[in-house]
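As structure tokens, the structure follows; a few thoughts come after it.
Quick note: the coordinates plus some simple rules give every number you see, no bench work behind them. Values in this document were obtained by computation on a predicted structure and should not be read as measured data. Note: ideal-geometry Cβ built from the backbone for every residue, glycine included; neighbour counts use all protein chains shown.
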Amino acid sequence: MRIEAVETLRLGDHPNLLWVRVHTDAGLTGLGETYFGAGPSEADIHDRIAPVILGQDASRIEFLNMKMQPYTGFTGSGAEVRALSAVDVALWDIAGKAANMPLCDVLGGRTREAIQVYNTCAGPNYVSKTSAVRPDNFGAASDGKAGTTYEDLDAFLHHPEDLAASLMEMGIFSMKIWPFDLADGAVDGVDISAADLNMALEQFEKIRAAHGDRMRLKAELHGLWSLNAAQKIAAALEPIGMDWIEDPLWMDRTEELAELASTTSAPLAGGETLAGLGQFKALIDEGNIATPIMDVTWAGGITAARKVAALAEARARPIAFHDCSGPVTLAASTHLALALRNVREQEIARGFYYGWYQDFVDNLPPVENGMITIPGGPGLGMDLLPGLVKREDAVHRISR
């Protein structure tokens, strides 16, 4: 089963997303995805990766993952590793189809049939129009397109208690918000004022006042803060009873992360911007992170995700898989979440899931009563909708 073509697609309407399809001479095609830096990742797939994998046996995934490792750019989640990640996911999709089994069953079988979700409270346009992301262009407002349903970013900023009620009606009892990003101090992250601290805390306090401990609360800090500021934020959040504080400072500063972990009772999580076994080993062993978070399509694909999960399991830590990016990332993450024993819950952004994911793929992982499972069919169980390559805003390339 030889690889005979590598195809990529990105759309002007969603410029951060890149899809890749790997075609084999056996008629099987695998689907992959990555997010942010779509143009550079696309170039790397065609200029560097395709010449390496064309003509190779698609079933030799570990070998191909090794061959796709870049000579430079391999220590972080830059364009080269994101390109590798997308192709790796596509190869695992092919493996499932070749076995005529869902991917989670190829990965060793299911430890569960479904897993609970937590909602990242982003609106449907969150960070979707540019990769130059800043708090002033998060995309908090709807553009009025049909299908826009959940403006969760606007909701957590203005009526978080109602947002929590809406989620619980869907059976979702865990949510993540990031009001600290809007603090004046977030520009450089050196310090946070008492006024900004109280402004951000109010969103969490409103949820607690309305709903008590029914909702598990997560704070996203997006790696914006110094150790000094992160310690102030963590101390202020402790009385609220946090499920976790995510990416409280730059996550490659493992010594500072360890110091923060030693001074707060709030569990720390993070790592979605990291890649490679070395960075995740340091995050777990030296940074003493309670829950490492990995993005499958940023950090090395499914091949790397299994190894990082094993590192976490060896230290009795859960692992969480990031999704605030695209439908293929969510599907791959869900397959992993069902197959691995140390996953507690799976992230979704319902603003994305119900807002636009269905515009691009034929079969989303079903979400019902706060639980997610895999779509039917072999491999990932999904493919791109037909006709996307013919759109006026499509950038479509094939290497043979």
task: Would you kindly derive the ³J(HN,Hα) couplings of the stretch 57-69 from the backbone phi angles with the Karplus curve 6.51 cos²θ - 1.76 cosθ + 1.60 (θ = phi - 60°), listing them in order in whole Hz, with x for Gly and Pro?
output: 6, 5, 7, 8, 5, 4, 4, 5, 4, 5, 5, 7, 4
- line: Whole-Å distance linking the alpha carbon centroid of the stretch 285-343 with that of the stretch 55-107 is 15 Å
task: Round to the nearest 10 and give me the degree value, 0 to 90, for the angle of helix 194-211's Cα axis relative to the longest principal axis of the chain.
output: 80 degrees
task: Report which label in (i) 21.2; (ii) 24.9; (iii) 23.5 holds the value of Kirkwood radius over Cα pairs in Å derived from the coordinates of this structure.
output: (i)
message: Please give me the summed charge of the neighbours of residue 118: other residues whose Cβ is under 13 Å from its Cβ, Lys and Arg +1, Asp and Glu -1.
response: -2
- prompt: Roughly speaking, what is the stretch gain from residue 392 to residue 369, that is 0.36 nm per residue apart minus the C-alpha to C-alpha distance, in nm to one decimal?
  reply: 4.5 nm
query: Sorted by average packing, counted as other Cβ atoms within 10 angstrom per residue and highest first, what order do 331-338, 55-62, 298-305 take?
result: 331-338, 298-305, 55-62
- line: If one compares the long axis through the Cα atoms of helix 79-99 with the longest principal axis of the Cα atoms of the chain, the angle in degrees, nearest 10, works out at 60 degrees
field: Residue-count net charge about residue 385 - beta-carbon cut-off 12 Å; Lys, Arg +1, Asp, Glu -1
entry: -1
message: Beyond 17 Å, how much of the Cα-Cα pair distribution for the stretch 141-221 remains, as a whole percent?
response: 50 percent
message: Checking the cross-link filter: which lysines have an alpha carbon closer than 16 Å to that of residue 390, excluding same-chain neighbours under 8 positions apart?
response: none
- prompt: the stretch 213-318: which GluC sites (Glu not before Pro) are DSSP loop and have at most 14 other beta-carbon atoms within 10 angstrom?
  reply: 286
- request: Looking at the chain, send over the antiparallel percent of its DSSP beta bridges, to the nearest 5.
  value: 60 percent
query: For residue 349, what is the net charge nearby, where nearby means another residue's Cβ is under 11 Å from its Cβ and Lys, Arg count +1, Asp, Glu -1?
result: -1
